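Beneath this line is the structure, given in structure tokens, with notes to follow.
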Ligand code: GLN
């Protein structure tokens, strides 16, 4: 039976799917642009399979599955990244960390125009941070670690499809990088405490990418603890964290011997990234 696109989208909106997401899912299934869907929503879908698949996608969105998983990709810092349930969906606030990293790399380049600084992204997930940095600062040499083999596979697929060179290594935080020192280290680790009520809304994403033991600071602590053995003199460590963790992160950086600790706010005005420098 033929169904009007507008009727399918109306059904989804009644089930709680946002209008834009419903249009994006229709565009994805029909292989057209969202603009086309908006302009042609009075058209009948006569292919029963399209109707069936699209209805199921809309139902999954209504049940809270992230749009990025349903369409298999997400824009991050101007790149289209492939994503699936093995990786956290890259967030716009993480672009702040990338921007900060790029400022430092550009500053470094002005001082030393021929240098190729070693940069590391710990817990790379989809590869979002490492790939965005490599794309915008191709003179840097990028390494990235993750403890999840499935996540690394996604990250490697992203690097291949974007044609960006990143050295991906398997293991927890610094563990696969023993003996190496970097000019810049970045991480967006899990920072939500287990039992936090926000987790209910994030049930479709990998819990190990979101949740850190105890107060949510465990992963941040482990990254900071390893920093002195892995940073070159003058290197910065930049960390994303929860909106109420900036003071704790600044304190742990300072206690580990890093200096110049400072925090930047995200677009919502929440303190979201903290960095400090290892003077060696
Ligand atoms: N580094 C990846 C990102 O920022 C993954 C982060 C994570 O899984 N906690 O999207």
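The values are calculated or read from the model by the stated rules, or taken from the named source; none is laboratory data. In this text, all values refer to a predicted model and were calculated from it rather than measured experimentally. Neighbour counts are summed over all protein chains in view; Cβ atoms, including those assigned to glycine, are modelled from backbone coordinates with ideal geometry.
Can you tell me which of (1) touching a helix residue (DSSP H, G or I) at 6+ places or on another chain (Cβ under 9 Å); (2) under 22 Å from residue 90 (Cβ atoms); (3) away from the ligand (no atom under 15 Å from the Cβ) is the one residue 224 doesn't meet? Just one mismatch for residue 224, condition (2).
A count restricted to region 171-188 and to residues that are out of contact with any strand residue (DSSP E or B) (no Cβ under 7 Å at 6 or more places or on another chain) and closer than 16 Å to residue 208 by Cα stands at 1.
Filtering region 33-50 to residues that are in a helix (DSSP H, G or I) and modelled with pLDDT of 95 or more leaves 34, 35, 36, 37, 38, 39.
From the set of residues in region 80-92 that are within 11 Å of residue 127 (Cα to Cα) and assigned to a strand (DSSP E or B), which is nearest to the ligand (Cβ to nearest atom)?
81
Remark: pairs (first residue in region 115-143, on the phi > 0 side of the Ramachandran plot; second residue away from the ligand (no atom under 15 Å from the Cβ) and assigned to a helix (DSSP H, G or I); Cβ separation under 6 Å; 6+ apart in sequence or on different chains) are absent. On the stretch given as region 202-220, residues that are outside any loop (DSSP other than H, G, I, E, B) and surrounded by fewer than 18 Cβ atoms within 10 Å (Cβ to Cβ) total 3.
Would you confirm whether or not region 193-201 contains a residue that is in a helix (DSSP H, G or I) and within 15 Å of the ligand (Cβ to nearest atom)? It would help to see each step written out before you state the result.
From region 193-201, those in a helix (DSSP H, G or I) are 197-201; that's our starting set.
Then drop every residue that is not within 15 Å of the ligand (Cβ to nearest atom), which leaves 198-199.
The answer is yes; a qualifying residue exists.
Got at least one residue in region 157-164 being within 17 Å of the chain's Cα centre (by Cα), surrounded by 16 or more Cβ atoms within 10 Å (Cβ to Cβ) and free of Cβ contacts under 8 Å to residues at least 40 places away in the same chain? Yes, because at least one residue in region 157-164 is within 17 Å of the chain's Cα centre (by Cα), surrounded by 16 or more Cβ atoms within 10 Å (Cβ to Cβ) and free of Cβ contacts under 8 Å to residues at least 40 places away in the same chain.
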